[in-house]
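A.B. asks: This structure is in structure tokens; I'll ask about it shortly.
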Amino acid sequence: MKGKKIEKQVRKQYSPEFKKEALLRAEREGAAVAAKDLGLNVSQLYSWRAKDRASGQVSEEQRLTQSENARLKRELARLEEENAFLKKVSAYFAKTPK
């Protein structure tokens, strides 16, 4: 019995630019056509699209969180200013004779 050589398959890695262009092409021409032209599986394009959308949602969530934090900081500054004013007013009225 002869020994068979087992060839190890090497996964091809694509650059982010290639992936972006492939997704744009799939958007314009359709995933099946773009995958065939680029020598990819259609499932690979769908996987890249899902990851791209997921990363977009994360950054959308981060953007919303940052805007909410900024709004809360402005509100905190306003309330601290109001509190300082009320302290001064209460000290003034505490000193005045009746």
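The values are calculated or read from the model by the stated rules, or taken from the named source; none is laboratory data. Because the structure is a prediction, the values reported are computed rather than measured. Counting neighbours? That spans all protein chains shown, and the Cβs are built from the backbone with ideal geometry, glycine included.
A.B. asks: Does residue 49 satisfy the condition of being touching a residue at least 24 places away in the same chain (Cβ under 8 Å) and on the phi < 0 side of the Ramachandran plot?
C.D. replies: It is true that residue 49 is touching a residue at least 24 places away in the same chain (Cβ under 8 Å) and on the phi < 0 side of the Ramachandran plot.
Let's see how each residue does on (1) surrounded by 10 or more Cβ atoms within 10 Å (Cβ to Cβ); (2) aliphatic (A, V, I, L, M); (3) in contact with a Lys or Arg (Cβ under 7 Å, 6 or more places away or on another chain):
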| residue | (1), (2), (3) |
| --- | --- |
| 10 | no, yes, no |
| 21 | yes, no, no |
| 30 | yes, no, no |
| 35 | yes, yes, no |
| 38 | yes, yes, no |
| 44 | yes, no, no |
| 70 | yes, yes, no |
| 82 | yes, no, no |
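A.B. asks: Output the number of the condition that residue 30 fails; it satisfies all remaining conditions of (1) small (Gly, Ala, Ser); (2) within 30 Å of residue 11 (Cβ to Cβ); (3) at pLDDT below 90.
C.D. replies: Failing condition for residue 30: (3).
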